[in-house]
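What follows is a set of notes on a single structure, which appears directly below.
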Amino acid sequence: MIAEKSNTAQLIIDKISSSAEKVNFIDNDQLSKALLYLENKGIPNNKHEDYKYCNIDGIFKKEFRNIEQKLNSVTDVAQYKLKDALTLVVVNGNYSESLSDKLILKGLHLTAFSNLDKEEKKLIGCLANVESDAFIALNTAFSGAGFHLKIADNEQLQMPIHILYVSSANSEALVNPRNVIELGKNAEATIIEEQICIGTGKVFTNFLSEKFVGENAKLTSYTFQNEGANGFSVNTNQVTINRYGKYDNTTVTLSGALVRNNHNVVLAAQNCQAHLNGLFTTRNNQLVDNHTLMDHQMPNCESNELYKGIITDKSTGVFNGKIYVRKDAQKTNAYQSSKNILLSDDATINTKPQLEIYADDVKCSHGTSTGKIDEVAVFYLNARGIGRESAKKLLLNAFAQEVINKIEVDELKEKILNLFENEL
Amino acid sequence: MITIKNLHASIGDKEILKGINLEIKAGEIHAIMGPNGSGKSTLASVLAGREDYEVTQGEVIFNGKNLLDLAAEDRAREGLFLAFQYPVEIPGVSNINFLKTALNEIRAYHGQEEMPAKDFLALVKEKQKLVELDGKLTNRSVNEGFSGGEKKRNEIFQMAMLNPKLAVLDETDSGLDIDALRIVATGVNALKSKENAFVVITHYQRLLDYIVPDFVHILYNGQIVRSGGKELALELEAKGYDEIKKQFESLEK
């Protein structure tokens, strides 16, 4: 379905053009295409198939009528740092050398987009087609900075990298962080991407990451989103996996007024694996929307998805998981599961598996379940002297464990577990 | 310990308990027997505070408090324990964490501090020996993947940990082999004291060979129709419930 046109996109372009840095690492041709796409297609509303339950045009009209771009500088992020990780800090889309740790890890190379050579610049936008989605187009047109993180061939990073994306403004703002993460042949890395929103103004963060997992490389990725009531975000991950490569991502969303995740993974060669796990909790009027795509292009690949949601008050959760098995992708194993608990009568979950299979020798399955808290179990706990609130906490904790246990960085796991328990 | 007066309870439109009267004193063991559908498990559930049942008449005084006014968790905190006929599996909640939470919430209710971790673990060790429960099971999720016998032993283990004043054992013997039955009974007998009391709900005399009751009550059609000493159970075992059913049916006519 074609989205009905609205002038939101034009308004955004007018508001942010003057303050946006010039994009000097993308061909002018691509930049014009991005702008044209944005002007023609507009910001998606609920008439757009992929944004049916996530009317972002409506959110812009309601929450971002007056984008002023009064961005804050940030001087202290110590409280967010993990002890046993190398921290890189990005403030409102710009890499901050002063807040970041020294790049002492062997095999790790970080380069600002503008300092890449001509050949390397070609990677930018390689996986993110400006004519596929309005937010890719918006990011491409206005992300004036960004960095390329490369893990060299055969290098195994000795420590996780913790990229902290801080959005902060004192009035309504829109920021467009962007990166390219590239793992060379046989490389291994653990990358934690954490998104927070501090400051007094509402910030719309339109994040875009392109991730290349090289041959026999292994990228263990964590996305931790805790943006609070002022944080609105669309987060696009475009991932491609080369043969024998492995990509694991666990996304935990604890807060944010709007969080839309587009996680698109291309299993582009034989014998690669991808695992996506998600846990989200929503309350008040929050909206968390996880859209995933597993694009199986070649034979003998495996993918697995597990998303769990706990939805309270008048909030809404969405899971839309598309599995695409192309004609050549024989012997594909692809599984998907979405489980949700609704804690109030006004809470909503929309869950939709979409399987498109064009190969004949594949194993694919999907399952979804939505329920309330198990009252039989609550009574059992009550009968042992455990009060209703603690019983609920124990049960929700148990529900979330399956996802939280996928986190292999102990410090991160503990941090998330503590914050999760506070959210309940 | 507990006084039940003219207790009536319904589920939906159906009245199941039709005027139960029962007095239990500290140090006593009472057995409640009766055919299927007589209301035995309903009585246990109503006492424990299951909300599916509506109490329409009567009162229950437990250690001077009106039990029916209390929420299920407060009944447990006051010292009432129900060993479930069908213990519930709770995936993801470890037995240990479950018991620690329960014990500490009960302590908090009585204004006591949390039990130190060391003491708690020592208590776990002691009590799991009592019911011969494999240490591995205490670290697993509550009842998840336990055999029928393990689930029942876990109920007795929880009872031993929480040390209630009044324990209601709802058909704890059902589905148990003779060894498990002996273990469960040994556990109950070890916990028995002058300060606490037990209600043993059962279909069969068998369990009562191991847990010797002071009183036996026959529940039929929502009422206690006969009470006696432990010999009543033997009589029932020999004659079955037919005589009682006949008596009752002739009364109804």
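Per-structure values
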| quantity | calculated |
| --- | --- |
| Total residues in segment A:105-149, condition polar (S, T, N, Q), surrounded by 23 or more Cβ atoms within 10 Å (Cβ to Cβ) and in a loop (DSSP other than H, G, I, E, B) | 1 |
| Members of segment A:83-104 that are surrounded by 14 or more Cβ atoms within 10 Å (Cβ to Cβ) and aliphatic (A, V, I, L, M) | A:A85, A:L86, A:L88, A:V89, A:V90, A:V91, A:L99 |
| Exclusive hit being surrounded by 24 or more Cβ atoms within 10 Å (Cβ to Cβ), part of a strand (DSSP E or B) and either touching a residue at least 24 places away in the same chain (Cβ under 8 Å) or of a type in the set (V, I, T) (or both), set A:L293, A:L208, A:L306, A:L254 | A:L208 |
| Positions within segment B:158-210 being in a helix (DSSP H, G or I) and either within 14 Å of chain A (Cβ to nearest Cβ) or of a type in the set (K, R) (or both), in sequence order | B:Q158, B:M159, B:A160, B:M161, B:L162, B:R182, B:R206 |
| Within segment B:9-49, considering residues that are touching a helix residue (DSSP H, G or I) at 6+ places or on another chain (Cβ under 6 Å) and on the phi > 0 side of the Ramachandran plot, the one nearest to the other protein chains (Cβ to nearest Cβ) | B:G49 |
| Residue that is assigned to a helix (DSSP H, G or I) and under 21 Å from the mean Cα position of the chain (by Cα), where the choices are A:D14, A:D57, A:D29 | A:D57 |
| Condition broken by A:I349, with the remaining ones in (1) crowded, with 18+ Cβ neighbours inside 10 Å; (2) more than 7 Å from chain B (Cβ to nearest Cβ); (3) under 18 Å from B:A102 (Cβ atoms) satisfied | (3) |
| For A:K41: the one exception among (1) crowded, with 18+ Cβ neighbours inside 10 Å; (2) among the basic types (K, R); (3) within 15 Å of A:E131 (Cα to Cα) | (1) |
| Residue list for segment A:258-285, restricted to those being surrounded by fewer than 24 Cβ atoms within 10 Å (Cβ to Cβ) and not in a strand (DSSP E or B) | A:A268, A:A269, A:Q270, A:N271, A:R283, A:N284, A:N285 |
| Selection within segment A:372-424 - among the β-branched types (V, I, T), within 14 Å of chain B (Cβ to nearest Cβ), part of a loop (DSSP other than H, G, I, E, B) and touching a strand residue (DSSP E or B) at 6+ places or on another chain (Cβ under 8 Å) | A:I373 |
| Any chance B:F98 is at the interface with chain A (Cβ under 8 Å from one of its Cβ atoms), touching a helix residue (DSSP H, G or I) at 6+ places or on another chain (Cβ under 9 Å) and in contact (Cβ under 8 Å) with a residue 40 or more places away in the chain | yes |
| Residues (within 17 Å of B:F248 (Cα to Cα) and within 18 Å of the chain's Cα centre (by Cα)) located in segment B:213-222 | B:H217, B:I218, B:L219, B:G222 |
| Complete set of residues in segment B:22-62 that are loosely packed, with under 14 Cβ neighbours inside 10 Å, within 23 Å of A:R384 (Cβ to Cβ) and touching a strand residue (DSSP E or B) at 6+ places or on another chain (Cβ under 9 Å) | B:D52 |
| Enumeration of residues in segment B:104-126 that are within 14 Å of chain A (Cβ to nearest Cβ) and either under 20 Å from B:A180 (Cβ atoms) or of a type in the set (V, I, T) (or both) | B:I106 |
| Whichever residue in segment A:234-251 is surrounded by 22 or more Cβ atoms within 10 Å (Cβ to Cβ), among the hydroxyl-bearing types (S, T, Y) and free of Cβ contacts under 8 Å to residues at least 60 places away in the same chain and, among such residues, is nearest to A:T200 (Cα to Cα) | A:T251 |
| Answer from B:N104, B:N66, B:N139 - the residue that is farther than 26 Å from B:E171 by Cβ, touching a strand residue (DSSP E or B) at 6+ places or on another chain (Cβ under 8 Å) and modelled with pLDDT of 95 or more | B:N66 |
| Enumeration of residues in segment A:212-233 that are among the charged types (D, E, K, R) and free of Cβ contacts under 8 Å to residues at least 60 places away in the same chain | A:E215, A:K218 |
| Residues satisfying the stated conditions in segment B:126-151, i.e. closer than 26 Å to A:F399 by Cβ, acidic (D, E) and in a helix (DSSP H, G or I) | B:E150 |
| Residue match in segment B:221-235 (condition: of a type outside the set (K, R), farther than 19 Å from B:A44 by Cα and crowded, with 22+ Cβ neighbours inside 10 Å) | yes |
| Answer residue from segment B:127-157, given it is of a type in the set (S, T, N, Q) and within 13 Å of another protein chain (Cβ to nearest Cβ) and is surrounded by the fewest Cβ atoms within 10 Å (Cβ to Cβ) among those | B:S141 |
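Here is a yes/no grid of residues against (1) farther than 19 Å from A:V252 by Cα; (2) touching a Gly at 6+ places or on another chain (Cβ under 6 Å); (3) of a type in the set (F, W, Y); (4) surrounded by 17 or more Cβ atoms within 10 Å (Cβ to Cβ):
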{"site": "A:V376", "(1), (2), (3), (4)": "yes, no, no, no"}
{"site": "A:G385", "(1), (2), (3), (4)": "yes, no, no, yes"}
{"site": "A:Q401", "(1), (2), (3), (4)": "no, yes, no, yes"}
{"site": "A:N405", "(1), (2), (3), (4)": "no, no, no, no"}
{"site": "A:V409", "(1), (2), (3), (4)": "no, no, no, yes"}
{"site": "A:L419", "(1), (2), (3), (4)": "no, no, no, no"}
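The values are calculated or read from the model by the stated rules, or taken from the named source; none is laboratory data. All of these numbers come straight from a predicted model, not from anything done at the bench. In this analysis, Cβ positions are derived from the backbone assuming ideal geometry, glycine residues included, and neighbour counts consider all displayed protein chains.
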